[in-house]
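**Student:** What follows is a single structure, and I will ask about it in a moment.
Values in this text are rule-based calculations from the coordinates and carry no lab data. Quick caveat: nothing in here was measured; it's all calculated off a predicted structure. No Cβ is skipped: glycine too gets one built from the backbone with ideal geometry, and neighbour counts run over all protein chains shown.
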Amino acid sequence: MRITLFDYGAGNLHSLAKALQGRGRVVAIEPNPIRAIETDFLVLPGVGAFGAAAAALAPGRDAMATAIRAGLPTLGICLGMQLMCDGSDEGSGDGLGIVSGRVEKLHARHTPQIGWNSIDDTRDTLFAEPRLGIAYYANRYVCRPADADVVIAWSVHEADRFPAAIRWGRMIGVQFHPEKSSAPGIAFLQRVIAEAA
Amino acid sequence: MTLTRRLIVCLDVRDGRVVKGTNFVGLRDVGDPVALAEQYEREGADELVFLDITATQEERATLLDLVRRTAERLFIPLTIGGGVRSVEDIAAVLRAGADKVGINSAAVRTPSLINEGAARFGAQCIVASIDAKREGDRWVVYTAGGHTRTDLNAVAWAQECAMRGAGEILLTSIDRDGVRTGYDLALTKAISTVVDVPVVASGGAGLPAHVVAAITDGGADAALVAGILHDGVTTVAALKSAMRAANLLVRDTAA
């Protein structure tokens, strides 16, 4: 199984690449969005700013959106999840539009939300026992999907309840960082990959 | 539920080894950073900080190699501080495997570095690292590892850092660093009440009660500890149970 991390140029991919490893898997890092979709499992990692990431995505945006809609198993983490939406208040440029809705700032006094927060109201096999109950977040923006049915888990920061995870077909998006959520986060990632295999 | 209060373990590193001193001087070797990082994750630390306390250009390559080796084995957030002078330095540290970058002297010299870093990499990975020393009824910012006095008021500077896009403030009391008499609660409070980004209290932890006080009295989101763990004075588990006993929400980890 080939797992490809689309690298839009910002942050730490080492921990994530390591966390996705397993028997019979090849984990690759690919900066070209067109080449990135020639894979069995696509990962959009989580560090950076929306505008810069959307610009890196732009040349392959339509091809990637088409591949995901056609059933390419995909995981978007944090900013990677936000790129599944139409656009973001954080920066200009288009997202992939897999999930209709925009990325908006958290309605909270204390932002960014940095730290460990609980994952609530889960309704998906990915959150079966042993459940990932608490995970690491580092975000000022969140997805606001037009259709709440895509949301498979929620979290709350101050008074704002926001989507912790979404699913559309074979695309999973998580606002938290499983690769930074210690052993339970790694187990979650392994479950996502195992489901797609 | 809501965000838990964090316990952050800091390893001062120099030339690939963990060292610890008092008031920024008198360094002692206390171990291998990668092994210690993994151990602290297992014990329940919520995050780790590597502070490169010399960061000469020759040692920079050693640090980046250390970050790479650590990132492949550590699955909690890792912040790197020390010697970050430019956007290129921020990029290099993040590429090597850091999740956040602490900027200290360079931000004082070139405040726009915070804006540029936040715009390019996201605010969540830009940590304004502030070393403050009390002077009468105020605190003054020092740079260069506590050696150089500036004219900046620490409270005003923290506000400016947050305004420029820093996602977090790592606030170290130079007076308390390594002396284990407790965090500077007044300093922590003065800053946590005026910024909306998380404040990490640093410098002075000697007892579990000090960690609790940093959060309850100082208003910090997180407390940073170093020497008391490296010297075996206490453990991550003991500190977290003290936090739990004080009704602070903390992340539970399987023992």
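**Student:** What size of dipole, in debye to the nearest 20, comes out for chain B about its Cα centre when the only charges are +1 on Lys and Arg C-beta atoms and -1 on Asp and Glu C-beta atoms?
**Tutor:** It comes to approximately 180 debye.
**Student:** Next question, about the same structure. Please find, in a Gaussian network model of chain A (springs between Cα atoms separated by less than 10 Å), the residue of A:L79, A:L126, A:L42 whose mean-square fluctuation is greatest.
**Tutor:** A:L126
**Student:** Quick check on the exposure proxy: order A:M171, B:M163, A:M84 from fewest to most C-beta atoms within 10 angstrom.
**Tutor:** Ascending Cβ contact count within 10 Å gives the list B:M163, A:M171, A:M84.
**Student:** Using a ≥ b ≥ c from the Cα gyration tensor of region A:150-197 (square roots of the eigenvalues), is it rounded, prolate or oblate, where a/c under 1.5 gives rounded and otherwise the larger of a/b and b/c decides, a/b for prolate?
**Tutor:** Oblate.
**Student:** Could you put A:W168, A:W116 in order, starting from the residue whose Cβ has the fewest other Cβ atoms within 10 Å? Mind showing how you got there, number by number?
**Tutor:** Working: A:W168 18, A:W116 24.
Ascending Cβ contact count within 10 Å gives the list A:W168, A:W116.
**Student:** Using amide H atoms built in the peptide plane, which far-off residues or other-chain residues are under 5 Å from A:G76 H to H?
**Tutor:** Those qualifying (amide H under 5 Å, at least 5 residues apart or on another chain) are A:L44, A:I172, A:G173, A:V174.
**Student:** For B:R149 paired with B:N247, estimate the spin-label separation in nm (one decimal), with each label point 7 Å from Cα along the Cα-to-Cβ line.
**Tutor:** With each label placed 7 Å out from Cα toward Cβ, I get 4.3 nm.
**Student:** Using 0.36 nm times the number of residues separating A:R35 and A:R102, minus their current alpha carbon distance, what extension gain do you get?
**Tutor:** So the extension gain works out to 21.5 nm.
**Student:** Taking the Cβ of B:V127 as the centre, find all other residues whose Cβ is under 11 Å away and add up their charges (Lys, Arg: +1; Asp, Glu: -1).
**Tutor:** -2
**Student:** Let me ask you something else. Rounded to the nearest 500 deg cm²/dmol, what is the calculated helix-only ellipticity per residue at 222 nm for chain B, with -39500 (n - 2.57) per DSSP H run of length n ≥ 4? Don't skip to the end; give the middle numbers.
**Tutor:** Values: 10 runs with 93 residues, N = 255.
Calculated mean residue ellipticity at 222 nm is -10500 deg cm²/dmol.
**Student:** What net charge do the residues around B:D29 carry, taking every other residue with its C-beta under 12 Å from that of B:D29, with Lys and Arg at +1 and Asp and Glu at -1? If you can, show how the numbers build up before the last one.
**Tutor:** Working: positive: B:R14, B:R17, B:K20, B:R28; negative: B:D12, B:D15, B:D32.
Combined, the nearby Lys, Arg, Asp and Glu give +1.
**Student:** Among residues other than B:R14 whose Cβ falls under 9 Å from its Cβ, what is the net charge (Lys/Arg +1, Asp/Glu -1)?
**Tutor:** Result for the neighbourhood of B:R14: -4.
**Student:** At 222 nm, what value in deg cm²/dmol follows for chain A if DSSP H runs of at least 4 each add -39500 (n - 2.57) and the sum is divided by all its residues, to the nearest 500? Display every interim value, and only then the final one.
**Tutor:** Details: 6 runs with 47 residues, N = 197.
About -6500 deg cm²/dmol.
**Student:** Right, next: For region B:116-167 and region B:190-220, what is the separation of their Cα centres, given in Å?
**Tutor:** Region B:116-167 and region B:190-220 have Cα centres separated by 16 Å.
**Student:** For the pair A:A194/B:D217, report the inter-label distance in nm, with labels modelled 7 Å from Cα in the Cβ direction.
**Tutor:** 4.8 nm
**Student:** Using a Gaussian network model of chain B whose springs link C-alpha atoms within less than 10 Å, name the residue from B:R42, B:R69, B:R120 with the highest mean-square fluctuation.
**Tutor:** So, out of B:R42, B:R69, B:R120, the one fluctuating most is B:R120.
**Student:** As a footprinting exposure proxy, order A:K180, A:K18 by other Cβ within 10 Å, with the fewest listed first. Walk me through the intermediate numbers first.
**Tutor:** Values: A:K180 27, A:K18 17.
The order, fewest Cβ neighbours first, is A:K18, A:K180.
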